[in-house]
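The values are calculated or read from the model by the stated rules, or taken from the named source; none is laboratory data. Quantities reported herein were computed from a predicted structural model and do not represent experimental measurements. Because the Cβ atoms are built from the backbone with ideal geometry, glycine has one as well, and the counts that use them run over all protein chains shown. The protein model used for the area step is the full one, side chains on, heavy atoms only, and it has no ligands, DNA or RNA in it. Shrake-Rupley method; radii C 1.70, N 1.55, O 1.52, S 1.80 Å.
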Amino acid sequence: MPGSSERFLARAQGLAADEVILDLEDAVAPAAKESARAAVARAVGAGGWAGRLLAVRINDATSQWAYRDVIEVVECAGARLDVIVLPKASEPAHIVWLDLLLGQLEQAAGLPQGKIMIEAQIEDAAGLVAVDAIAAASRRLAALIFGPADFMASVGMRSLRIGGQPADYAGGDAFHYPLLRILVAARSAGLQAIDGPYAAIGDVAGLSAAAASVAALGYDGKWVIHPDQIEPVNSAFSPDQEQYERAELILDAYEYAATVQRRGAVLLGDEMIDAASRKLALVAAARGRAAGLTRSQRFVRPD
């Protein structure tokens, strides 16, 4: 939500999103930066955000506004803030700077060290090249986020549609490499991987397809920039009941094979499952349980 709009800030509290990001960067004009910063600090401090993560996206680390963004928001409302989103993270030094500043502010405010997390946006070629080092730069780091618009500009991609495929590109998904590169870096550091926004608000089919694609790849979520985009994205990332049931059966069958039969591999239906199958099933089962899914099928022991 743009931090320069009191109406949008108030509206954000009623949205069914997992995380709300109050923006001080691209959604705010340069002339409105200072007033937006004050409005966001008030909105965070006023509360009413229970049930979701609350984040503020500051301006990038090389800008004239970034340090005041962090200081004023945290001094005013650090106790209610969960995350600082750092855009255009192009090198690990940007993360280190924010980590140190947050640590100083937490000490001064009497907040627990490490309370406020960092989510870093990878938005240019330099950031993608340095993504492994960025992912390991701070214990505060919770997620890496792909920023498609600035990335497209950085590499010279021929498209004016944020998150959309270049019209003449014949190689499949033009974003596959950066998406997978960010995902691997995130997972190697124990972080979440989040896809960026899809700007064509009226193109629900395109949004749903983009969200389903990154969910299948292994991403944990996707940014939305309009309330009407929340439901399609939530739907794309919600666990499938059939897949959840299958995952639980795989876990049961492997447990039985390993502990009772003392075997490392076993047939479940017409599929051979082993320790690698169990790892995949653990992920799918955990997502299903977190979403509140319940089982309707039970493993039947062959003996």
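The table for this structure:
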item: Total residues in segment 222-269, condition at positive phi and either of a type in the set (D, E, K, R) or not in a loop (DSSP other than H, G, I, E, B) (or both); result: 1
item: Helices (runs of 4 or more DSSP H) contained in segment 50-154 and holding at least 2 residues over 20 Å from the mean Cα position of the chain (by Cα); result: 66-77, 92-109
item: Unique match (being closer than 27 Å to Ile84 by Cβ, without any contact (Cβ under 8 Å) to a residue 24 or more places away in the chain and in a loop (DSSP other than H, G, I, E, B)) among Gly190, Gly171, Gly202; result: Gly190
item: Pair list, Cβ < 6 Å and 6+ apart or interchain, from segment 137-160 residues that are at negative phi and in contact (Cβ under 8 Å) with a residue 12 or more places away in the chain to residues that are in a strand (DSSP E or B) and surrounded by fewer than 21 Cβ atoms within 10 Å (Cβ to Cβ); result: Arg140/Met117; Ala142/Met117; Ala143/Gln192
item: Test for Ala209: is it in a helix (DSSP H, G or I), free of Cβ contacts under 8 Å to residues at least 24 places away in the same chain and open to solvent by less than 70 Å² (accessible area, probe 1.4 Å); result: yes
item: Residue in segment 35-53 that is of a type in the set (D, E, K, R) and over 21 Å from Ala109 (Cα atoms) present; result: yes
item: Segment 1-43 - residue that is of a type in the set (S, T, N, Q) and modelled with pLDDT under 95 and, of those, least open to solvent (accessible area, probe 1.4 Å); result: Ser5
item: Of all residues making up segment 161-190, the number that are closer than 29 Å to Asp228 by Cβ and open to solvent by less than 50 Å² (accessible area, probe 1.4 Å); result: 10
